[in-house]
1. So which of B:Leu18, B:Leu7 ends up being more than 10 Å from chain A (Cβ to nearest Cβ) and in contact (Cβ under 8 Å) with a residue 12 or more places away in the chain?
2. So which residues in the range A:85-127 are closer than 19 Å to A:Ala154 by Cα and aromatic (Phe, Trp, Tyr)?
3. Could you tell me whether B:Thr26 is among the polar types (S, T, N, Q), free of Cβ contacts under 8 Å to residues at least 40 places away in the same chain and either within 10 Å of chain A (Cβ to nearest Cβ) or closer than 22 Å to A:Ala165 by Cβ (or both)?
4. Answer yes or no as to whether B:Ile12 is crowded, with 19+ Cβ neighbours inside 10 Å, closer than 15 Å to A:Leu124 by Cβ and within 10 Å of chain A (Cβ to nearest Cβ).
5. Report, by residue number, each residue of the range A:20-46 that is at the interface with another protein chain (Cβ under 9 Å from one of its Cβ atoms), free of Cβ contacts under 8 Å to residues at least 24 places away in the same chain and of a type in the set (D, E, K, R).
6. More than 14 Å from chain B (Cβ to nearest Cβ) and over 36 Å from the mean Cα position of the chain (by Cα) - does that describe any residue in the range A:152-174?
7. Can you pull out the residues in the range A:228-243 that are under 17 Å from the mean Cα position of the chain (by Cα), over 25 Å from A:Glu277 (Cβ atoms) and hydrophobic (A, V, I, L, M, F, W, C)?
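The values are calculated or read from the model by the stated rules, or taken from the named source; none is laboratory data. Nothing here was measured: the structure is a model prediction, and the numbers come from that model. Using ideal geometry, Cβ is built from the backbone for each residue, glycine included, and neighbour counts are taken over all protein chains shown.
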Amino acid sequence: MSDAEFQERIKAYEGRSAVVGGVGRDPVNSPMIRHWCEALGHPVPVDGTAPATMLQVWTMAGLSGHGDRSGPYDELLGILDAAGFTAVVATDCEQEYLRPLRPGDRIAFDAVIESVSPRKTTKLGTGYFITTRMDLRRGTEPVGSHRFRILKYAPAPPQKPQKTAAKRPRPVINRDNSGFWEGVSRHELLIQRCTDCATPRFPWLPGCDRCGGQGWDTVRASGSGTVYSYVVMHHPPFPAFAPPYAVALVELAEGVRMVANVSGVPYDKVRIGMAVELEFTEVEPGLTLPVFRAKEEV
Amino acid sequence: MRTGDELAPLRIPITRTLIVAGAIATRDYQDVHHDAEAARAKGSPDIFMNILTTNGLVGRYVTEHLGPAAELREVAIRLGAPNYPGDEMELTGRVTSVEADADGETAVIEVVGANALGQHVTGRVTVRLPRGGGHEPARP
């Protein structure tokens, strides 16, 4: 069978029923609501109703499988399995809630295969998106609907050995800046100060950039600062960094500026003049960095 | 509630327990959500969170923010990077529209859940706040 014939064959399932006259295994009930809330850390609704986002739960077949799926949906999945598209992952879920569900409500449902996509290649592998739409009722009264999309795909061959997650670049530590990184390891942000002219400097340098003096001591930064400037990185993406993210130039209370991340606010909320406070974050095991937390939430 | 309002971020540690408990509480027994060996055999590095749990967490985020009087009307989500054990997901949200009427207001909130791999979930929640429902929306 050619690819075109195969696509035509699976496309023919659009509009066919996936479930006819399905019935929830259990009526809506308090123990399942409580277990679900417990697992998800969700507040238990005080009025005894089921959280709306449990909608699909009442239609799930559970461990013993789908006794009530009708032929076409199983057939379609079987055709894809046989063609090597053996893996499945859910990608989209769109739910509408028409009325609250209460313990004792018995849920009935029908579902239709709404669409079968052309062949798509994704990060996971090549396959087909199948969208079903389910309508849920209590008796004859609609209670909600549920559109669900899965990707039925042939798993991509395992990646090459570079499977390990990219790590952030490590700082280059040398005799001119080792004092700074020793401070960071103690959660202290140290600024150099010229012992000749008392000018603070950052980043660390062997000599004073004002008077050229070679002598220096350190001042521990108070941690207060403001965003002096910033950029938002969108492209290109570097390994271990997920754009978009903001890179700020923070002016410390001591008068020097340093490049750092701003935490506690989304990248698009960083603003010039924003008050920030120093904190130390272990960005990955073995790498602690000074970052600046926005003092007021936006 | 006003258009442009931000919801305080919610950080959820993605533990193996949360993934398995969420899968079972949603009656989803697909082995990739509880059996690490089976997940690896299917090309995944580990078990990963099922969509029903993600959907519930998005609902939880909005519900916790707006209080018990808020009624969810629609939740539409799309999954991206999987939630694997050991990761953390940070949910953030922004109100993109508010329509008031005689009985209350209806708001649309765009929600993003990001983990170390990127965006796990992007979604849109439509929620109804009845007038005098006694809710005190948490203000950041």
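1. B:Leu7
2. A:Phe85
3. Working: among the polar types (S, T, N, Q): yes; free of Cβ contacts under 8 Å to residues at least 40 places away in the same chain: yes; either within 10 Å of chain A (Cβ to nearest Cβ) or closer than 22 Å to A:Ala165 by Cβ (or both): yes.
In short, yes.
4. no
5. Hit for the range A:20-46 is A:Glu38, nothing else.
6. Checked the range A:152-174: at least one residue is more than 14 Å from chain B (Cβ to nearest Cβ) and over 36 Å from the mean Cα position of the chain (by Cα).
7. Across the range A:228-243, the qualifying residue is only A:Ala240.
Yes or no, residue by residue, for (1) without any contact (Cβ under 8 Å) to a residue 12 or more places away in the chain; (2) among the hydroxyl-bearing types (Ser, Thr, Tyr); (3) within 21 Å of A:Val265 (Cβ to Cβ):
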| position | (1), (2), (3) |
| --- | --- |
| A:Phe180 | no, no, no |
| A:Ser185 | no, yes, no |
| A:Glu188 | no, no, no |
| A:Arg193 | no, no, no |
| A:Cys197 | no, no, no |
| A:Arg210 | no, no, no |
| A:Gly223 | no, no, yes |
| A:His235 | yes, no, no |
